[in-house]
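Each remark here refers to the structure printed beneath this line.
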Amino acid sequence: MELVVTLATGVGSSLFVDGRLVPNVEVGKNRLRGSELERIGNKLWNNRLLKVIAKLEHMFHYDHLYISGGNAAQVDIGRVPGNVTVVSSLNGLLGGIALWPEAGHFAANRQELAHRKSKHPALQQPTDERRRPRPYER
């Protein structure tokens, strides 16, 4: 199990089990967002980060935690546990590029569905004569 946390203006997260994304997992912490780093400084922010890392490990029992994002450069890597790695944001971009063909497949399916709807009379949008009035138009 791997957990990815991105630290930037906000905090993002992704959980992967056996290489598959677990949907709808959000562990963002407002206390780690970029404005907090600016407000309290690097040392206190890193102390907060270490507490959050300990809580996340207790919650998820992950094998590895990857930290990325614009503020990842501020992480004191000498203080994080051994199963935590700070990685470049470029890795996320490369991962997105690797998934691009799959996303293209979904886009093609949406276009095909839209094309089918335009040909089938029951799926077409009603014309003004057939359209039911909306509640706010009455």
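Summary of computed values
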| item | result |
| --- | --- |
| Hits in the range 27-45 (condition: surrounded by fewer than 17 Cβ atoms within 10 Å (Cβ to Cβ) and either part of a helix (DSSP H, G or I) or at pLDDT 90 or above (or both)) | N30, R31, S35, E38, R39, I40, G41, N42, K43, L44 |
| N24 being among the polar types (S, T, N, Q), assigned to a helix (DSSP H, G or I) and either within 20 Å of M1 (Cα to Cα) or within 18 Å of the chain's Cα centre (by Cα) (or both) | no |
| Failed item in (1) at pLDDT 95 or above; (2) in a loop (DSSP other than H, G, I, E, B), with E57 passing the rest | (2) |
| Cβ pairs under 6 Å, 6+ apart, first in the range 73-92 and at pLDDT 90 or above, second of a type in the set (G, A, S) | V86/A72; V87/S68 |
| Residue tally, condition of a type outside the set (V, I, T), part of a loop (DSSP other than H, G, I, E, B) and closer than 23 Å to E38 by Cα, over the range 60-76 | 4 |
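The values are calculated or read from the model by the stated rules, or taken from the named source; none is laboratory data. Just so it is clear, the model here is predicted, and its values are computed rather than measured. Here the Cβ is made from the backbone with ideal geometry for all residues, glycine too, and neighbour counts use every protein chain on show.
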